[in-house]
1. Listed residues VAL43, VAL63, VAL36; which is over 17 Å from the mean Cα position of the chain (by Cα) and among the β-branched types (Val, Ile, Thr)?
2. What about VAL376, is it part of a loop (DSSP other than H, G, I, E, B), hydrophobic (A, V, I, L, M, F, W, C), farther than 27 Å from VAL302 by Cβ and out of contact with any strand residue (DSSP E or B) (no Cβ under 6 Å at 6 or more places or on another chain)?
3. Which residue, of ALA220, ALA212, ALA247, ALA253, is modelled with pLDDT of 95 or more, among the hydrophobic types (A, V, I, L, M, F, W, C) and surrounded by fewer than 20 Cβ atoms within 10 Å (Cβ to Cβ)?
4. Within the range 28-37, does at least one residue satisfy the condition of being over 27 Å from PRO317 (Cβ atoms), part of a helix (DSSP H, G or I) and at pLDDT 90 or above?
5. Taking GLY401 as the residue in question, decide whether it is surrounded by fewer than 16 Cβ atoms within 10 Å (Cβ to Cβ), outside the structural domain of ASP339 (by TED's automatic domain parsing) and at pLDDT 95 or above.
6. Before we move on, is GLY294 more than 22 Å from VAL364 (Cα to Cα), surrounded by fewer than 16 Cβ atoms within 10 Å (Cβ to Cβ) and not aliphatic (A, V, I, L, M)?
7. Might you let me know whether the range 280-294 holds any residue that is more than 16 Å from PHE168 (Cβ to Cβ), in contact with a Ser or Thr (Cβ under 9 Å, 6 or more places away or on another chain) and among the aliphatic types (A, V, I, L, M)?
Amino acid sequence: MSASEATEAEVVVVGAGLAGLRCASVLADAGREVQVWDAADDVGGRIRTDVVDGFRCDRGFQVLNPAYPELDRCVDVAALRLQPFGAGVGVRRERGDVVLAHPLRAPSRLPGMLARRAVAPKDVVALTRWAHGALRPGHLKRGGDTSLVTALDRSGVSGELRRVIDRFLTGVVLDDSGATSNAFALLLVRTFALGVPALPAGGMAALPRQLAAPLGGRVALQRRVVDIARVGSGWQVTADDGSRVQAREVVVATDAPQAGQWIGGVSATMHGVVTDWWATDQPWQGPPMLWVDGRSGATGPVVNTAVISAAAPSYAPAGRHLIAASALLGPGRPEPTEDQMRAHAATILGLTGADWQPVIRHVVPDALPPQLPPLVVRKKVRDPSGLWVCGDHRDTASIQGALVSGRRAAEGVLRALV
């Protein structure tokens with residue numbers, strides 16, 4: 001086919017991230033002719049895995065929670081061979097460290113944590129007061145939403161426990177201002193109570209690749225869309241290589257900044273993250289947890305760190321070990337140096353870091369859309385222009401949200417094609 005000729009399809013999906021792949025899969029399963037175009041050299045969007053000298057390093061530290069309801073609808077979870085982290089969080093204290101088990105997933109461990117003064121009785125009361133909405137999700141809809149910082153203040157969560165919650169959730173939502181929707185934070189807490197975050201044996205890239213596999217030749221990579229134009233009752237999509245396709249419907253399945261080029265009313269604001277990965281020959285003696293700095297005077301850039309290979313042995317060659325640490329990026333927040341990241345991560349883990357060898361650094365300025373109050377779980381998937389849109393900026397800012405939004409967009413397209 002020459003560049004001047006245009007192919008035809010019922011639907012074109014622009015973007016091969018989770019939302020776009022989920023959308024295309026639903027359309028293909030319904031017997032519709034769909035094409036997926038993406039500018040990258042592999043599927044996955046922001047979910048990618050680099051393999052460096054046998055180490056699997058996900059672009060921006062990510063985990064997969066098997067409790068996400070949408071996963072069972074579209075993914076063979078068992079085939080991912082998930083490797084779970086411990087159900088809790090490791091905490092660097094003023095003196096020594098402690099592991100805080102998830103109070104909703106492992107309540108039987110609370111007495112032991114109280115006995116070791118990991119938490120005080122008043123902390124349990126305050127935490128329960130704040131987290132009860134996670135156990136009663138209907139409460140989130142009945143009550144007014146507010147910011148996370150306001151909700152924690154009202155519940156009386158303070159001291160070391162407050163620092164741990166703040167820093168743990170900072171690493172999840174990539175925002176340390178406390179402005180995140182409290183309802184969204186409680187949805188996350190509920191998910192953590194129902195399932196333990198894990199990593200696929202083949203890296204996080206295994207998730208989008210599994211979604212893409214049944215689509216086969218319907219996915220075209222390294223095809224950057226430069227124009228989407230109305231042609232009669234349909235659309236013409238043009239790529240930078242001159243390829244053109246005419247379609248009845250077009251779904252924009254990119255991240256928020258890119259979607260804003262085609263769709264009105266989409267905020268381009270995103271939270272960023274930088275993740276450093278190191279290799280070491282020294283085995284880790286601690287639990288396979290995500291670790292945070294619980295000290296009151298902590299000033300380092302790291303929001304969380306983990307010995308990844310302790311939870312996911314497939315991420316490192318035999319006899320070697322892989323460590324990751326992440327820090328926030330954004331306005332007024334310069335990118336930390338590798339030395340700063342290494343020193344803080346080593347302190348949190350109680351190690352020296354002297355023998356850590358850098359593997360790779362990932363800088364992801366557009367990692368997650370903000371989730372501000374009041375929480376709007378379902379945003380419209382059709383633009384007034386007639387274009388469809390999906391992505392984690394249309395539902396919750398999560399893997400669950402991306403998958404759900406892709407399905408919702410596909411269901412809307414199917415209704416329009418009747």
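1. Working: VAL43 fails: over 17 Å from the mean Cα position of the chain (by Cα); VAL63 fails: over 17 Å from the mean Cα position of the chain (by Cα).
Testing whether each residue is over 17 Å from the mean Cα position of the chain (by Cα) and among the β-branched types (Val, Ile, Thr) leaves just VAL36.
2. Details: part of a loop (DSSP other than H, G, I, E, B): yes; hydrophobic (A, V, I, L, M, F, W, C): yes; farther than 27 Å from VAL302 by Cβ: yes; out of contact with any strand residue (DSSP E or B) (no Cβ under 6 Å at 6 or more places or on another chain): yes.
So VAL376 fits the description; yes.
3. Values: ALA212 fails: surrounded by fewer than 20 Cβ atoms within 10 Å (Cβ to Cβ); ALA247 fails: surrounded by fewer than 20 Cβ atoms within 10 Å (Cβ to Cβ); ALA253 fails: surrounded by fewer than 20 Cβ atoms within 10 Å (Cβ to Cβ).
Only one candidate passes the filter, namely ALA220.
4. Residues of the range 28-37 over 27 Å from PRO317 (Cβ atoms): 28-37.
Those left that are additionally part of a helix (DSSP H, G or I): 28-29.
Then drop every residue that is not at pLDDT 90 or above, which leaves 28-29.
Yes; the residues of the range 28-37 include at least one that is over 27 Å from PRO317 (Cβ atoms), part of a helix (DSSP H, G or I) and at pLDDT 90 or above.
5. On the way: surrounded by fewer than 16 Cβ atoms within 10 Å (Cβ to Cβ): no; outside the structural domain of ASP339 (by TED's automatic domain parsing): yes; at pLDDT 95 or above: yes.
No.
6. On the way: more than 22 Å from VAL364 (Cα to Cα): yes; surrounded by fewer than 16 Cβ atoms within 10 Å (Cβ to Cβ): no; not aliphatic (A, V, I, L, M): yes.
Here the answer is no, as GLY294 does not meet what is asked.
7. No, the range 280-294 contains no residue that is more than 16 Å from PHE168 (Cβ to Cβ), in contact with a Ser or Thr (Cβ under 9 Å, 6 or more places away or on another chain) and among the aliphatic types (A, V, I, L, M).
Residue-by-condition table, conditions (1) among the aliphatic types (A, V, I, L, M); (2) outside the structural domain of ALA306 (by TED's automatic domain parsing); (3) under 23 Å from the mean Cα position of the chain (by Cα); (4) part of a helix (DSSP H, G or I):
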| residue | (1), (2), (3), (4) |
| --- | --- |
| LEU161 | yes, no, no, yes |
| PHE168 | no, no, yes, yes |
| ASP175 | no, no, yes, no |
| LEU188 | yes, no, yes, yes |
| ARG248 | no, yes, no, no |
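The values are calculated or read from the model by the stated rules, or taken from the named source; none is laboratory data. What you are looking at is a predicted structure, and each value in this text was computed from that prediction instead of being measured. Methodologically, a virtual Cβ is constructed for each residue, glycine included, from the backbone with ideal geometry; neighbour enumeration extends over all protein chains shown.
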